[in-house]
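Engineer: Pasting in a structure now, in structure tokens, and then I'll have a few things to ask.
Computed from the coordinates by the stated procedures, all read-outs in this text should not be read as laboratory data. All values derive from a computational prediction rather than experimental measurement. So basically every Cβ, Gly included, is an ideal-geometry build from the backbone, and we count neighbours across all protein chains shown.
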Amino acid sequence: MRKNRTGFIAAMLTLMLVCLPVLSAGAGERTAEGMAETAVLTVRYYVSGAEGKMAAEPYRAEMLLGSCYRVESPELEVFTLTDPGQKFIEGSLEEDTEVSVYYSDSREPAEYTVEYIGRDESSEKVLARDTFRAAAGDTVNAPERSFENYEKEAGQDMTLSVSADGKAVKKVYYSRNSRR
């Protein structure tokens, strides 16, 4: 976490130093109401292929229109920039602007298994066994399945921590319906 703050502070200092001449030059420009015209720059840091999952907190700054900006993308422990050209996000702020930066998960994928166990009064049997892949160290949710004559038992924790050795197993229990 300290590394993220250091990168953010460095990005802010860089932005201020690069844009100082533009900010001071534009300080005299005002709207009819006497307020300086501003726009918002937002940089969002996403994990590639993980639909909306954020890799880091967004960067947000309100600046005078025409201001230049240069924001350094944070270095993150388990992620690498998908496009190294996004190490610095820079430009001139002419309107509210949103930029998306994508990171790839640099952790090795590992297998994990979900076993669906059917129980009746005297025995247990494996109804199905599915193998999936996810980044080692991730916590995943085991998908629910339906089985004829079985009902998933309530109150089960459906999460599983994926181990690097590929031996993580989640058992999901189903009770046999007595109705036929």
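Engineer: Hey, what do the phi angles of the stretch 109-125 turn into as Karplus ³J(HN,Hα) couplings, whole Hz, using 6.51/-1.76/1.60 and θ = phi - 60°, x for Gly and Pro?
Structural biologist: x, 9, 7, 9, 10, 10, 9, 9, 9, x, 10, 10, 4, 10, 8, 10, 8
Engineer: For Asp83 and Glu51 in the same chain, what is the full-extension length gain: residue separation times 0.36 nm, less their Cα-Cα distance, in nm?
Structural biologist: Full extension from Asp83 to Glu51 adds 9.8 nm.
Engineer: With point charges of +1 on the Cβ of Lys and Arg and -1 on the Cβ of Asp and Glu, referenced to the Cα centre of the stretch 23-180, which listed residue (Gly49, Ser106, Gly155) lies farthest in the positive direction of the dipole?
Structural biologist: Gly155
Engineer: Follow-up. Amide H to amide H under 5 Å from Val172: which residues, 5+ apart in sequence or cross-chain, H placed 1.01 Å off N in plane?
Structural biologist: Long-range HN contacts for Val172: Glu115, Tyr116, Ile117.
Engineer: So what J values fall out for the stretch 45-54 if you push phi through Karplus, 6.51 cos²θ - 1.76 cosθ + 1.60 with θ = phi - 60°, rounded to Hz, Gly and Pro as x?
Structural biologist: Karplus values, whole Hz, x for Gly and Pro: 10, 10, 8, 4, x, 10, 4, x, 6, 8.
Engineer: At a 10 angstrom cut-off on C-beta neighbours, averaged per residue, how do the peptides 120-126, 136-142, 71-77 rank from highest to lowest?
Structural biologist: Top to bottom by mean Cβ count within 10 Å: 71-77, 136-142, 120-126.
Engineer: Could you compute the FRET efficiency for Arg70 and Ala36, with r as their C-beta to C-beta distance and R0 at 30 Å, rounded to 0.05?
Structural biologist: Rounded to the nearest 0.05, the efficiency is 0.90.
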